[in-house]
Amino acid sequence: MGILDGKVAIVTGAGQGLGRIEALELARHGASVVVNDLGTQADGSGTNEEPAQAVVQEIEALGAKAVAAFGDVANWEDAERIVRTAVDTFGDLNIMVNNAGFSRDGMIVKMTEDMWDSVIRVHMKGHFSMIRHTMAYWREKSKAQGGEPLYGRLISTASDSFLMGNVGQPNYAAAKAGITYLTMSAARECQRFGATANVVLPRARTRMTMSGPWAGIFEKPEEGFDTFAPEHIGPLLVWIASPQAAHVSGQVLQLWGKHIRVYERPQAALDHENETAWTVDELDKVLGSFFEGKKPVEDGFALPMA
Ligand SMILES: NC(=O)c1ccc[n+]([C@@H]2O[C@H](COP(=O)([O-])OP(=O)(O)OC[C@H]3O[C@@H](n4cnc5c(N)ncnc54)[C@H](O)[C@@H]3O)[C@@H](O)[C@H]2O)c1
C-alpha cells in the first residue's frame, strides 16, 4: 500500500530534472501520473515529445500507471487539455504539481524584451493556466458532491532566487515571487473545496543549474553526501501531496540535501501611526532614525545572497 494509492497527479515539466524525480516518486507511492513536458532546450526553445514518453515508460516499469501529455503549460488550451487528460485517463485529478520552466539570465541593462516575456510567461502564466483549469475542475466536482471536501493538492515551484532578489535573474526572481503570491491566493480560494496549495523551493543540480551563469554552483562532490542531487526533493513532494498534510496550506517550504526550511510570512519591522497625514519632515524623523545605520540593499527586504 502506498500513501498515494488511488490518487491522480499531474507533474508539469516532468520529462527531466526535478519534475521527472517528482513524477517517479509520486508514482512509487501509488499515484497515477500524467507526465507533461514540452521537451524544450534549457532556454525554453524547441519542442520534443520524447522526454515525456521516456518518463512514462520509467513509471510503467515500476508497475505504476502513467500517461504522457505533451504541451505548453502557458498555452491556455494545452493546459486545459493536460487537466482533461488526467480526468479522462484516470477518472480524477487530485495532485497538481507545477514545475515546468526555464531561465534566461542576464543583467537588467542587457535583458531583452523576449528574455523578460518568455520567462515571465512560462512560470507565471504556466502556473496560472494549470491552477485555473485544475480549480475549475475541482469547483465542479465539489458542487456535484454537494460541497463535500475533496482531495486536492496544488504544489507550485518557486526558487529562493526571489527571496534573495538574485542579481542577473530579474525576470526569474519576479516570476518566482509572482508564483508564490499566486499560490497564496489559490490557497485561500481552494480552501472552500478542502484543497491545499503550497510552494516548494528546490536547489538541485539539473540542466538549469549546470549551464549558464550559475553553472557549477551545485556541483557533485567527488565523495561523500551529494547535497544537490535532485532526488532529495521527492519525499517532500510526496509528503505535501499525502493525507498527512491535509492541514498544511499557504506555506513556502524549501528542501535541499539534508536541509528542510519553512519560511515565515513577511513581518512589519516598523508599524507607526501618525496623529495626522504624514509630512516629509515627519517621515524623515521616523524613517530617518529607523534606517540609521542600516546598510543599503544588504539590509533591504531580500534575504542576503547565499
Ligand atoms: N534546479 C534548481 O536548483 C532549481 C531551483 C529552484 C527552482 N527550480 C525550478 O524547478 C523547476 C524545474 O527545473 P529543473 O531544474 O528541473 O530544470 P530542467 O531544465 O531540468 O527541467 C525543466 C523541464 O520543463 C520543461 N518545460 C519547459 N518549458 C515548458 C513548457 N512551456 N511546458 C511544459 N514543459 C516545459 C522542459 O522541457 C524540461 O523538461 C523550474 O520551475 C525551476 O525554475 C529549480
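Can you say whether Ala9 is under 20 Å from Asp92 (Cα atoms) and in contact (Cβ under 8 Å) with a residue 40 or more places away in the chain, as far as the supplied structure shows? Answer is yes for this residue. Applying a threshold of 9 Å to beta carbon distances and a minimum spacing of six or more residues, or different chains, the list of pairs starting in region 168-180 at a residue that is over 15 Å from Gly212 (Cα atoms) and ending at one that is of a type in the set (Lys, Arg) and near the ligand (Cβ under 10 Å from one of its atoms) reads Ala175/Arg121.
Taken over region 17-43, the criterion of being surrounded by fewer than 19 Cβ atoms within 10 Å (Cβ to Cβ) and assigned to a loop (DSSP other than H, G, I, E, B) is satisfied by Gly30, Gly39, Gln41, Ala42, Asp43.
To keep it simple, each residue is scored yes or no on (1) away from the ligand (no atom under 13 Å from the Cβ); (2) part of a loop (DSSP other than H, G, I, E, B); (3) at pLDDT below 95; (4) not β-branched (Val, Ile, Thr).
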{"residue": "Val67", "(1), (2), (3), (4)": "yes, no, no, no"}
{"residue": "Val73", "(1), (2), (3), (4)": "no, yes, no, no"}
{"residue": "Val83", "(1), (2), (3), (4)": "yes, no, no, no"}
{"residue": "Val119", "(1), (2), (3), (4)": "no, no, no, no"}
{"residue": "Val122", "(1), (2), (3), (4)": "no, no, no, no"}
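List, please: which pairs have Cβ atoms under 7 Å, are six or more places apart or on different chains, and start with a residue in region 81-97 that is under 13 Å from Thr12 (Cα atoms) and end with one that is part of a loop (DSSP other than H, G, I, E, B)? Pairs that qualify, where the first residue is under 13 Å from Thr12 (Cα atoms) and the partner is part of a loop (DSSP other than H, G, I, E, B), are Arg81/Gly71; Ile82/Gly71; Val83/Leu93; Ala86/Leu93; Ile95/Lys7; Ile95/Ala31; Val97/Thr12. If you take the residues of region 211-228 that are among the hydrophobic types (A, V, I, L, M, F, W, C) and crowded, with 16+ Cβ neighbours inside 10 Å, which of them is modelled with the highest pLDDT? Residue satisfying both the conditions and the ranking: Phe228.
Filtering region 85-117 to residues that are assigned to a loop (DSSP other than H, G, I, E, B) and closer than 20 Å to Gly39 by Cβ leaves Asn98, Asn99, Ala100, Gly101, Phe102, Ser103, Arg104.
Residues are listed down the side, and each one gets a yes or a no for (1) under 18 Å from Gly152 (Cα atoms); (2) crowded, with 24+ Cβ neighbours inside 10 Å; (3) of a type in the set (Val, Ile, Thr):
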| site | (1), (2), (3) |
| --- | --- |
| Val55 | no, yes, yes |
| Glu58 | no, no, no |
| Gly63 | no, no, no |
| Trp76 | no, no, no |
| Ala79 | yes, yes, no |
| Ile82 | yes, yes, yes |
| Asp88 | yes, no, no |
| Asp92 | yes, no, no |
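One residue alone among Val87, Val33, Val83, Val8 is touching a His at 6+ places or on another chain (Cβ under 9 Å) and under 21 Å from Thr196 (Cβ atoms), and that residue is Val83. What are the residues in region 152-174 that are assigned to a helix (DSSP H, G or I) and either farther than 13 Å from Met111 by Cβ or touching a Pro at 6+ places or on another chain (Cβ under 7 Å) (or both), if any? Once the filter is applied, which keeps residues that are assigned to a helix (DSSP H, G or I) and either farther than 13 Å from Met111 by Cβ or touching a Pro at 6+ places or on another chain (Cβ under 7 Å) (or both), region 152-174 yields Asp160, Ser161, Phe162, Leu163, Met164.
Of everything in region 199-246 that is of a type in the set (D, E, K, R) and in a helix (DSSP H, G or I), the residue that is farthest from the ligand (Cβ to nearest atom) is Glu231. When region 259-306 is filtered for residues that are closer than 30 Å to Pro230 by Cβ, touching a helix residue (DSSP H, G or I) at 6+ places or on another chain (Cβ under 8 Å) and not hydrophobic (A, V, I, L, M, F, W, C), the ones remaining, listed by number, are Tyr263, Pro304. On inspection, Gly257 passes the criterion of being modelled with pLDDT of 95 or more, more than 11 Å from the ligand (Cβ to nearest atom), surrounded by fewer than 15 Cβ atoms within 10 Å (Cβ to Cβ) and at positive phi. Restricting attention to region 2-16, the residues that are outside any strand (DSSP E or B) and either away from the ligand (no atom under 15 Å from the Cβ) or of a type outside the set (S, T, N, Q) (or both) add up to 9.
Considering only residues in region 85-109 that are of a type in the set (Asp, Glu) and more than 16 Å from the ligand (Cβ to nearest atom), the one that is farthest from the chain's Cα centre (by Cα) turns out to be Asp88.
Every condition in (1) more than 25 Å from the chain's Cα centre (by Cα); (2) surrounded by fewer than 10 Cβ atoms within 10 Å (Cβ to Cβ); (3) of a type in the set (Asp, Glu) is met by Asp299 except one, and the failing one is (2).
The values are calculated or read from the model by the stated rules, or taken from the named source; none is laboratory data. From a predicted model like this one, the values you see are computed outputs, not experimental measurements. Heads up, the Cβs are rebuilt from the backbone with ideal geometry, glycines too, and the neighbour counts pull from every protein chain shown.
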